[in-house]
Number of protein chains: 2
Amino acid sequence: MPSFSVVANDPCSRARAGVLVTLHGEVHTPIFMPVGTQGTVKAMTPDELKEMGATIILGNTYHLMQRPGHELIGRLGGLHRFMGWDGAILTDSGGYQIFSLSDMVKVTEDGAIFRSKLDGGVLHHLTPELAVEVQETLGSDIMMVLDECTPYPVSVEDAKRSMEVSLMWAKRSILAWRKRGLGLFGIVQGSVYKELRKEFVERLLEIGRGEFSGYAIGGLSVGEPIQVMYEVAAFSADLLPKHLPRYLMGVGTPEDIVEAISFGIDMFDCVLPTRNGRNGMLFTSLGDINIRNSRYKDDESPPDPHCSCYTCSKYSRAYLRHLTEAREILAARLATIHNLHFYIHLVKEARDAILAGNYSKWKKDFLDKRKEMDV
Amino acid sequence: MPSFSVVANDPCSRARAGVLVTLHGEVHTPIFMPVGTQGTVKAMTPDELKEMGATIILGNTYHLMQRPGHELIGRLGGLHRFMGWDGAILTDSGGYQIFSLSDMVKVTEDGAIFRSKLDGGVLHHLTPELAVEVQETLGSDIMMVLDECTPYPVSVEDAKRSMEVSLMWAKRSILAWRKRGLGLFGIVQGSVYKELRKEFVERLLEIGRGEFSGYAIGGLSVGEPIQVMYEVAAFSADLLPKHLPRYLMGVGTPEDIVEAISFGIDMFDCVLPTRNGRNGMLFTSLGDINIRNSRYKDDESPPDPHCSCYTCSKYSRAYLRHLTEAREILAARLATIHNLHFYIHLVKEARDAILAGNYSKWKKDFLDKRKEMDV
């Protein structure tokens with residue numbers, strides 16, 4: 001089972017640096033995990049991910065169980081071997097995608113019945129037990145329990161009903177869990193209602209004590225105002241055990257991440273660097289740029305003057321703009337390399353600042369710089 | 001001006017091995033040149049091209065003059081610098097694309113007026129002088145004269161009329177040529193009519209003597225039967241000077257290339273390895289495979305068991321099939337790497353066989369093997 005230890009605490013915030021040991025190597029937290037939905041981080045090879053410092057990536061249960069199928073991946077030796085990635089893998093449970101990507105048919109106490117858009121309308125029945133089985137078959141280093149992700153807004157009554165379902169599923173996930181060398185995280189829901197978040201955490205801790213290897217905070221970044229997201233994330237993080245890793249699911253912008261680190265969040269994933277990269281949006285230390293803008297037409301400077309990634313050390317904004325306009329695959333590749341490098345190094349620098357005891361100053365400098373330039 | 005020398009002749013065929021020296025390095029012939037239409041070989045970085053042994057790539061005048069514009073590339077230091085490629089570059093003249101990709105408006109003696117599909121219908125006027133100017137501005141190591149590529153079939157009268165235009169343009173190209181450090185190739189047309197090919201070569205040699213750094217054979221692989229293509233290519237190659245490189249434009253399959261090498265062709269380009277790769281078609285030493293076929297669903301073997309490329313040394317057919325079905329960018333990348341590696345190493349092995357004096361035996365073995373396996 002993955003083990004976690006906190007190696008430094010920031011004196012002026014709840015930020016902490018830690019080490020998460022998995023069967024596929026050490027993960028230094030805070031960490032950003034690139035999203036590899038369909039058995040590949042879009043446009044990247046595993047070697048490129050290694051090169052940019054990635055140590056753990058995400059895989060999506062929902063997608064992989066439908067295509068190519070978890071049994072197939074299992075027969076071929078598991079997801080690591082299938083995709084040629086020997087670092088750690090965290091898989092979600094499929095819950096989020098069922099609610100966001102499928103034509104939902106029904107949520108019962110037993111599980112979720114949904115009609116997939118991936119395979120031409122076949123009915124699927126995802127139970128907590130199956131979600132664990134799929135993730136164990138994939139050989140995920142860190143698995144997630146099946147949960148119901150509430151939309152925003154949701155009434156407090158509906159959020160309560162949903163909580164009962166998610167908590168029951170959490171319990172059943174533990175009972176279904178066979179491969180104890182692989183970690184299992186519980187997920188806190190409760191929408192934006194603090195009293196629900198509190199009750200959820202208390203009951204989840206009761207269920208998970210001595211069992212869960214970490215806790216995720218779900219149901220945020222689904223449309224609520226940013227200040228509400230910050231408040232609920234900070235509130236939830238505070239309730240979670242200090243000795244276990246905390247994962248804020250699906251968050252967020254660079255600004256969100258440096259904020260959430262100061263709440264004591266250790267793990268992040270987000271599609272922004274990969275998805276926005278494919279659309280020509282580049283994150284830089286001086287602010288974000290849309291490379292399609294005609295101002296970059298003959299701009300010979302690299303995307304980010306302070307970046308050491310492959311893209312910035314070799315290509316100009318003018319060339320990237322041309323590739324993006326021409327819809328070349330290389331545009332998606334170079335932008336993805338840069339954006340992932342930016343995110344991974346952002347959390348790495350944050351960690352260094354925590355170790356040096358000056359996270360708050362580093363954070364302020366980072367945020368100021370991001371507003372600085374008219375890029 | 002690029003210089004060429006033949007270093008070996010095969011005793012049993014017209015195949016020869018040579019060295020073409022350009023401002024951007026030596027090119028060992030026979031050579032396969034990956035096609036980099038819009039300032040990038042689709043899905044590849046320059047480093048990956050180097051890694052697989054590419055020494056010269058193609059750029060397309062027609063595309064680059066419209067987007068991002070040759071003046072822009074010129075201001076940014078030329079095409080090599082713009083795209084980060086320090087090997088040699090050969091550019092076509094735009095002639096072929098005008099006839100295949102545009103709504104033609106008119107061919108006059110002066111040049112071709114066409115309506116581009118790239119930039120929303122702007123009228124362009126490409127003259128032989130402009131084609132040279134564009135290519136000089138790009139900084140191409142080997143430029144092509146503007147020519148009219150006849151379709152198949154074409155009447156002998158139309159082919160004759162077209163020959164007069166192309167020959168006049170060839171003459172004007174030489175007159176317009178300023179940067180004599182860059183090479184200029186003449187292009188032989190004449191459709192499938194041997195008497196026209198003969199007349200074309202004789203008159204083109206008259207025009208180009210002491211000027212052209214090499215000769216291309218154009219107007220083939222445009223729909224004529226394969227045996228006709230072989231016959232006309234062999235016939236045309238025989239008429240060309242032995243001491244200059246011969247380039248068979250846009251050809252072809254692996255089988256076509258090994259045939260054409262035995263006719264004394266030195267240079268090849270083709271979109272098959274890149275385009276087919278993006279569609280899931282892989283060239284292998286044992287025959288071609290469509291990776292989408294369900295028989296590869298759980299096939300753990302590499303695409304080509306005899307290949308040492310990055311793709312074959314690291315990924316299974318099952319994984320490539322999954323990526324292709326899921327329309328992942330990595331599918332296009334891995335297939336392109338393999339296919340280009342296959343083509344480049346195919347001509348490299350052909351060259352080694354010529355140097356060893358056993359090209360005919362190597363060719364027979366290669367062709368037999370390609371039919372061998374039920375992949």
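Brief remarks follow.
- For segment A:48-70, the set of residues classified as in a loop (DSSP other than H, G, I, E, B), hydrophobic (A, V, I, L, M, F, W, C) and free of Cβ contacts under 8 Å to residues at least 60 places away in the same chain is empty.
- Within segment A:323-357, the set of residues being under 18 Å from B:Met44 (Cβ atoms), out of contact with any Ser or Thr (no Cβ under 9 Å at 6 or more places or on another chain) and either of a type in the set (Phe, Trp, Tyr) or buried (at least 21 other Cβ atoms within 10 Å of the Cβ) (or both) comprises just one member, A:Thr324.
- Residues satisfying the stated conditions in segment B:121-132, i.e. surrounded by fewer than 21 Cβ atoms within 10 Å (Cβ to Cβ) and of a type outside the set (A, V, I, L, M, F, W, C): B:Gly121, B:His124, B:His125, B:Thr127, B:Glu129
- Cβ-Cβ distances below 9 Å connect the following pairs, each with a first residue in segment A:73-94 that is within 11 Å of chain B (Cβ to nearest Cβ) and closer than 30 Å to A:Val107 by Cβ, a second residue that is among the polar types (S, T, N, Q) and part of a loop (DSSP other than H, G, I, E, B), and a separation of six or more residues or different chains: A:Leu79/A:Ser140.
- Per the listing A:Ile257, A:Ile289, A:Ile261, the residue uniquely in contact with a helix residue (DSSP H, G or I) (Cβ under 8 Å, 6 or more places away or on another chain), assigned by TED's automatic domain parsing to the domain that holds A:Lys363 and among the hydrophobic types (A, V, I, L, M, F, W, C) is A:Ile289.
- Candidates B:Val251, B:Val258 - the one that is crowded, with 21+ Cβ neighbours inside 10 Å and touching a Ser or Thr at 6+ places or on another chain (Cβ under 7 Å): B:Val251
- Flag if A:Lys363 is modelled with pLDDT of 95 or more, part of a helix (DSSP H, G or I) and among the charged types (D, E, K, R): yes
- For B:Val19, the criteria (1) in contact with a Gly (Cβ under 8 Å, 6 or more places away or on another chain); (2) at pLDDT 95 or above; (3) more than 16 Å from B:Asp269 (Cα to Cα) hold in every case but one, which is (1).
- Test: residue in segment A:8-27 that is of a type in the set (Val, Ile, Thr), buried (at least 20 other Cβ atoms within 10 Å of the Cβ) and either part of a strand (DSSP E or B) or in contact with a Ser or Thr (Cβ under 6 Å, 6 or more places away or on another chain) (or both): yes
- In segment B:175-201, the residues that are in contact with a Gly (Cβ under 7 Å, 6 or more places away or on another chain) and in a helix (DSSP H, G or I): B:Leu196, B:Arg197, B:Phe200
- Subset of segment B:84-115 (residues that are in contact with a Ser or Thr (Cβ under 7 Å, 6 or more places away or on another chain), surrounded by fewer than 24 Cβ atoms within 10 Å (Cβ to Cβ) and modelled with pLDDT of 90 or more): B:Gly87, B:Asp110, B:Gly111
- Within segment B:31-72, considering residues that are among the hydroxyl-bearing types (Ser, Thr, Tyr) and out of contact with any Lys or Arg (no Cβ under 8 Å at 6 or more places or on another chain), the one nearest to the other protein chains (Cβ to nearest Cβ): B:Thr40
The values are calculated or read from the model by the stated rules, or taken from the named source; none is laboratory data. Owing to the predicted nature of the structure, the values given are computational and were not obtained by experimental measurement. Don't worry about glycine lacking a Cβ; one is built from the backbone with ideal geometry, like all the others, and counts go over all protein chains shown.
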